[in-house]
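Presented below is the structure to which this report refers.
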Amino acid sequence: MSSIDYSEKIPNNVNLSEDRTLQRALEQWQPNYLQWWGDMGPDGSQNFDVYLRTAVSVDPQGWAQFGHVKMPDYRWGIFLNPAEADRKIHFGDHKGEAAWQDVPGEYRANLRRIIVTQGDTEPASVEQQRHLGLTCPSQYDLRNLFQVNVEEGRHLWAMVYLLHKYFGRDGREEGEALLERRSGQEDNPRILQAFNEETPDWLSFFMFTYFTDRDGKFQLCALAESSFDPLARTTKFMLTEEAHHMFVGESGISRVISRTCAAMNELKTDDPAKLRAAGVIDLPTIQRYLNFHFSVTIDLFGADESSNAATFYSTGLKGRYEEGKRVDDHQLKGQSYRVLKVQGGQLNEVEVPMLNALNEVLRDDYITDSVGGVNRWNKVIEKAGIPFKLTVPHKAFHRNIGSLAGVKVSPDGRVISEAEWAAKVDSWLPSGADRAYVASLMGRVVEPGKFANWIAPPVMGINRQPIDFDYVRFN
Ligand SMILES: [Fe+2]
Ligand SMILES: [Fe+2]
């Protein structure tokens, strides 16, 4: 069950050849996908041989195989974690019943919406990142970018498989629409706002893979609890790929910080102007990028109070993060949770029914997880002996969804006036000048083992290869 058949046009571990209709439908979608990859995938890279990992089995041990591949020849396919025998629904109104192997008619519309929304983020991030290869800081980083890109492409395959297999004609139409929307395009944008923002430079890319791919992790973890078993199994396997994306972000930022700290110690200065003259990214600029990506990403969890969130949970479509490890009744009726509201010009916590606050519950779990990496970045700064601490901004800072949308709040959580916001926003969020400076650093470094001046080399290569390995052959 767990081994993958690569002899087929579409590699899979779901016995695709036994379902001719489905196989045909997916084989018709495949060239459209490849066309999309050609148009919207990594710019100017079609002929490169890239040292990529490909899944060979979904077993926890050794699912990956490494080798140089041209990206358009990457074997995108359909991989599900093995089925758990007699899996039971473990939360919501159907708790204790057998997990669904098919879509219950009454939940069809909601399940489709959940799958489409998740699926839409996958090609969106490839589109957002498509020009980054032109300004990579090293071959090692270029390879990591491409690895993330091909895997996001595979995540799209994962969602399209579910749409085709379980949602008939509607599902096939959604599969086409997923290839037609475009990140940032005015008349046909991607569904969620963070996926319409630009990822213009590598500092943004590392922040995105740290913060926004982590949103992916939390959404996938919640879907991995789903009563709809094929969705649970699909997302479980996607999570194993997601871990590498977050690693790229965390280690990327860590290396930027490490380089900056080295320059600070060398030049004995914390003056951003002097550090910029030396071609590194000053820590306050890193903090502003962090503020931006953190706030835009926590919006992805949705409104703090949401009847949809309650419905998705009670009907068993989407669980909480680590639902199985929690010790409550897994139905949550009559329980409450605290959310933030602005009352009389102040942020107050108010109790609301927990079922309606499940977006907020997931957002809070996400925040706890994100802070972990920020603390590890601070260790790098501390080790260099520099008195500076990165922090995540207050949850109410720069929010655009739910009851906090549009309220002006400082990074330390004070409700402030429009005037104070306007006066200080450039010290809290990347200014035009910050973005222009970071953009000015982005030049292409591709000699094996060489790194751009603004980032330190990694501690280790990929798959135990040396750092100066030829991760990308340009042909
Ligand atoms: Fe993904
Ligand atoms: Fe990802």
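Quick notes
- Portion, in percent, of the accessible area of region 249-343 that falls on carbon or sulfur, probe 1.4 Å: 51 percent
- Rg in Å to one decimal, and Dmax rounded to a whole Å, for region 99-150 via C-alpha atoms: 17.3, 51
- The eigenvalues of the Cα gyration tensor, multiplied by 5 and square-rooted, give region 434-475 an equivalent ellipsoid with semi-axes of 24, 13, 7 Å from largest to smallest.
- Dipole axis of region 172-224 (+1 Lys, Arg; -1 Asp, Glu on Cβ), positive-most option in M207, Q219, Q185: Q219
- Looking at region 1-139, the accessible area is 44 square angstrom per residue; that uses a 1.4 Å probe and ignores ligands, DNA and RNA.
- Heavy-atom accessible area, probed at 1.4 angstrom with all protein chains present, ranks M460, M71, M40 as M460, M40, M71, highest first.
- Rg over Rh for region 22-162 works out to 1.04, using Cα positions for both radii and the Kirkwood form for Rh.
- Gap separating the Cα centres of region 221-248 and region 46-79, nearest whole Å: 18 Å
- Long hydrophobic helices in the chain, taken as whole DSSP H segments with a C-alpha length of 18 Å or more on their own axis and mean Kyte-Doolittle hydropathy at least -1.0: 108-128, 139-166, 229-267, 283-298, 358-383.
- Per residue, in Å², the accessible surface of region 203-243 once ligands and nucleic acids are set aside, probe 1.4 Å: 12 Å²
- Computed Rg/Rh of region 400-475, alpha carbon atoms with Kirkwood Rh: 1.24
- For region 258-403, the solvent-accessible area with a 1.4 angstrom probe is 43 square angstrom per residue.
- Taking every DSSP helix (H) stretch of at least 4 residues in the chain, weighting each as -39,500 (n - 2.57) and dividing the sum by the residue count yields a mean residue ellipticity at 222 nm of -15000 deg cm²/dmol.
- Interchain or long-range residues, amide H under 5 Å from V409's placed H: H398, I416
- When region 1-100 is reduced to its Cα atoms, the Kirkwood hydrodynamic radius in Å: 16.1 Å
- Carbon and sulfur %, accessible surface of region 77-185 computed with the full protein complex present, 1.4 Å: 43 percent
- The share of Cα pairs per 20 Å bin across the chain, counted from zero up to the longest distance, runs 23, 56, 21, 0 percent.
- Computed log₁₀ I(q)/I(0) - Debye formula, equal Cα scatterers, no solvent, region 266-399, q 0.15 Å⁻¹: -0.83
- Bridgeable lysines around K408 (alpha carbons under 28 Å apart, same-chain partners fewer than 8 residues away excluded): K341, K389, K395, K424.
- Placed amide H near I78: partners under 5 Å, 5+ positions off or other chain: N12, N13
- Of the trypsin sites (Lys or Arg not before Pro) found in region 384-433, those that fall in a DSSP loop while having at most 15 other beta-carbon atoms within 10 Å are K389, R414.
- By the compact-protein rule of thumb, 2.2 N^0.38 Å, the alpha-carbon radius of gyration of region 330-475 corresponds to a ratio of 1.48.
- Among the trypsin sites (Lys or Arg not before Pro) found in region 194-285, those both in a DSSP coil and sparsely packed, with 11 or fewer other Cβ atoms within 10 Å of their Cβ, are K268.
- A straight Cα-to-Cα reach below 21 Å connects K318 with the lysines K88, K95, K165, K217, K236, K333, residues fewer than 8 places away in its own chain not being considered.
- Dipole magnitude of region 62-108 about its Cα centre (Cβ charges: Lys, Arg +1; Asp, Glu -1), debye to nearest 20: 260 debye
- Volume in Å³ per residue [convex hull over Cα atoms, computed for region 120-255]: 98 Å³
- Rounded to the nearest 10 Å², the accessible area of I191 at probe 1.4 Å: 80 Å²
The values are calculated or read from the model by the stated rules, or taken from the named source; none is laboratory data. It should be emphasised that the depicted structure is a prediction, and the values quoted were computed from it without experimental measurement. So basically every Cβ, Gly included, is an ideal-geometry build from the backbone, and we count neighbours across all protein chains shown. When the accessible area is computed, the model is the full protein with side chains, heavy atoms only, and any ligands, DNA or RNA have been set aside. Shrake-Rupley method; radii C 1.70, N 1.55, O 1.52, S 1.80 Å.
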